[in-house]
Structures are given as structure tokens and as C-alpha cells.
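Participant: Got a structure here, written out as C-alpha cells. Questions coming.
The values are calculated or read from the model by the stated rules, or taken from the named source; none is laboratory data. Just so it is clear, the structure is predicted and the values come from calculations on it, not from any experiment. Every residue, glycine among them, receives a Cβ derived from its backbone with ideal geometry; neighbour counts consider all protein chains shown.
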Amino acid sequence: MLRAGLSMKLCHDYQKQPPVMFFKVMTKRQKELKENRVILFIVLFCSFASDHCRENMSTQKTVKLVTTHVLYEMKLKGEKISMLTAYDYSMAKILDEAGVDVILVGDSASNVMAGFETTLPITLENMIYHAASVVRGVKRALVVVDLPFGTYQGNSREALASAIRIMKETGASAVKLEGGREITESIERILSAGIPVMGHLGLTPQSIHKFGTYVVRAREPEEARKLKDDARIIEKSGCFAIVLEKIPASLAGEVAESVKVPVIGIGAGPMVDGQVLVLHDMLGINTEFSPRFLRRYHNLHEEIMGAVQRYIADVRSLDFPNEKEQY
Ligand code: KIV
């Protein structure tokens, strides 16, 4: 249409102008035509570019990053928070794609990845290795990393140094510390560097040698009162969320009501703001650990065992590789 309009105008100009002027008119019109083409090109390019940007923006919008603030809003809206542990890139990628809100690089890696009896032997270097692998697989979830035993208790400067290493060397978003009033100085010092801290009360596996067993905690009124106080104290120190492990459901509900920050339970009943499980337990990779609170969503131990046994049989019988599986 634009072209047709222009050529009609050119004919009209030719009829009006004397021949000497024609060359000049043509040149002017050609210039106009060229300018129009340039304008048309710019308009088309801009519209393509803005569509492209909008598309990108909408893709970014659909991947809304989970931040500590998002978790706080979820609690306000009554939306439950899902959290699972992960220790490597491939699993973390699946968890993130599935839509889990928080991925915890737990020091339970000491048990399920390294085969230790307790969480005590795992080192800061080990945790950094696991956390950096997890972060590489995650686009949306909030990644929280456990500070391992011996890297924060009793020395808030060391706590800050450990947390800084985690943040610098892994790209994670927060750290988790076990304990109540006795670690407030560490919590506050870490927070002073702008590092979000998640608390952990109830059964705290790093103190296993103090308690001697993994039984349910805070059944007695005295311990329950201390736990409620500790929750308020670490909230006041600035923790953005609190994990409650293996305590009576009613007590966990009371704590969740008494603090503004999200409370995430493991073996702490349904009246909290979210749930966390150890991935290897809930997928049934690990079959030796069967506490009452654990729901198994799969029996990966059996699945993997079956697949590996079929592979062994195929290798032995020369069924693998077949003609299609070779070059
Ligand atoms: O290390 C871990 O996996 C944990 C969860 C049990 C909360 O701290």
C-alpha cells in the first residue's frame, strides 16, 4: 500500500512538472522513497525487538525467584512451603524443575552421601563442594546451606568467616545453623554481613553426643518452654525461617503461631508453615532409616537394584550392546 501510494504520487508529479524539473523531482521522490523504506525497516525492527523483549520478560516473570521475602509472604497467605534436601547438580535440577520452594544442602550429606553415622564429620570444604554443585542446577528455588559442626559454635567470628565462604564459593542464598540462645551472637554477626540465616531447633543432629539419642524432643514442659523461648529469641536475632525437627505437633503449631517467620517442620506435624524431608529418605534410596514421620514417595532402592541387575545380566549374556548400540 505504501509503495503503491508513492508511485501514484510520482506519476501525478510527473504530469504536473516540466521535463527539466522531472529529474530533480524523481531524485527527491527517490530520496523520500528511500527514507520511507528506512523508516519502515526501523518500525518493523522495533516491533520485532519489543515483542522479543516482552517474550523474554514474560519468561522471566514466570520464573519468579524464591527469596526469603517470598517465603514470608507465603506464610502470610497461608501457602505451604515445600523444602527438600539435595547435594548434587542433577538432583537439584530435577527438584527445581518440579517446583520445590527451598532446597537445603543439608549436612545430612554426611550420612546419605558420605556414609558417616552422624553429621559431625562433614567439613566446610565438603559442604561447599555439594552446595556449589546444587546451585549450578537451580534456577528458581532458594538454596540454603547448613554450616557444618565446628564452624560456627562458640565463635561468632568463625561463624561469619564460614558463612562468607559458603556464600562466596557456592552462590547459595542463605545458611542454616542449629541451636537457640547459645548461638545468637553468631546469627547476628552473620546477618550483619547481609547473609540470611535459617534457624534449626528441636532435634539438632549436630548435638547428638549431648542428647545421646534421636528420640522426639521437647515432650517435657521444661524443654518445650525452652524451645518456645529459643524460637522467639532467634526470630528476634533476625532468622528468616526456623526448622523444627522431631517435636510434638501441637508444640510445633504453637511455635508457628507465635513467630512471624515461616516455620518448616520435619517430624513436627501439619500445623507449621512448610515441610522438609531428606531426599534420599523420601525417594526410598535409603531403606535403613524409617522414622514414623517419613513418607516414602518411591522405592528407588528397588528400582535402581532392578535396573542394575538387568544390566549385569545383559552384559553377561552378550545381549548388551546389540547391533544398534555400536558404531
Ligand atoms: O541436614 C539436613 O538434612 C537437615 C534437615 C533434616 C532439616 O538439617
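Participant: Just wondering, is there one or more residues in segment 163-177 that are among the β-branched types (Val, Ile, Thr), away from the ligand (no atom under 16 Å from the Cβ), modelled with pLDDT of 95 or more and in a helix (DSSP H, G or I)?
Facilitator: Within segment 163-177, one or more residues are among the β-branched types (Val, Ile, Thr), away from the ligand (no atom under 16 Å from the Cβ), modelled with pLDDT of 95 or more and in a helix (DSSP H, G or I).
Participant: May I pose another question? Restricting to segment 43-90, name every residue that is β-branched (Val, Ile, Thr), under 18 Å from VAL135 (Cβ atoms) and modelled with pLDDT of 95 or more.
Facilitator: Answer for segment 43-90, where residues must be β-branched (Val, Ile, Thr), under 18 Å from VAL135 (Cβ atoms) and modelled with pLDDT of 95 or more: VAL66, THR67, THR68, VAL70, THR85.
Participant: Might you let me know whether segment 182-205 holds any residue that is free of Cβ contacts under 8 Å to residues at least 12 places away in the same chain, assigned to a helix (DSSP H, G or I) and over 18 Å from THR151 (Cα atoms)?
Facilitator: No: zero hits.
Participant: Anything in segment 152-175 that is farther than 26 Å from VAL70 by Cβ and among the acidic types (Asp, Glu)? List them, or say none.
Facilitator: Listed by number, the list holds a single entry, GLU158.
Participant: Ok, one more. Inside segment 103-128, can you point out the residues that are β-branched (Val, Ile, Thr) and more than 10 Å from the ligand (Cβ to nearest atom)?
Facilitator: ILE103, THR118, THR123, ILE128 - these are the residues of segment 103-128 that are β-branched (Val, Ile, Thr) and more than 10 Å from the ligand (Cβ to nearest atom).
Participant: Also, I was wondering about something else. I'm trying to understand the selection: among the residues of segment 81-100, which are in a loop (DSSP other than H, G, I, E, B), surrounded by 21 or more Cβ atoms within 10 Å (Cβ to Cβ) and more than 13 Å from the ligand (Cβ to nearest atom)? So that I can check it myself, show each step before the final result.
Facilitator: The initial filter retains those residues of segment 81-100 that are in a loop (DSSP other than H, G, I, E, B), namely 86-88, 99-100.
From what's left, surrounded by 21 or more Cβ atoms within 10 Å (Cβ to Cβ): 86-87, 100.
Selection gives VAL100 alone.
Participant: Counting only residues that are under 20 Å from LEU71 (Cβ atoms) and touching a helix residue (DSSP H, G or I) at 6+ places or on another chain (Cβ under 7 Å), give me the helices (runs of 4 or more DSSP H) lying completely in segment 209-327 with at least 1 of them.
Facilitator: Details: elements: 221-237, 249-258, 279-282, 300-316.
Correct list: 221-237, 249-258, 279-282.
Participant: Give the residues of segment 128-160 that are of a type in the set (A, V, I, L, M, F, W, C) and within 22 Å of GLY180 (Cβ to Cβ), sorted by residue number.
Facilitator: Hits for segment 128-160 are VAL144, VAL145, LEU147, PHE149, ALA159, LEU160.
Participant: So how many residues does segment 232-257 have that are away from the ligand (no atom under 16 Å from the Cβ) and in contact with a His (Cβ under 8 Å, 6 or more places away or on another chain)?
Facilitator: Of the residues in that region, 0 qualify.
Participant: Tally the residues that are out of contact with any Phe, Trp or Tyr (no Cβ under 7 Å at 6 or more places or on another chain) and either in contact (Cβ under 8 Å) with a residue 60 or more places away in the chain or of a type in the set (Phe, Trp, Tyr) (or both), restricting the search to segment 112-143.
Facilitator: Total satisfying the criteria: 8.
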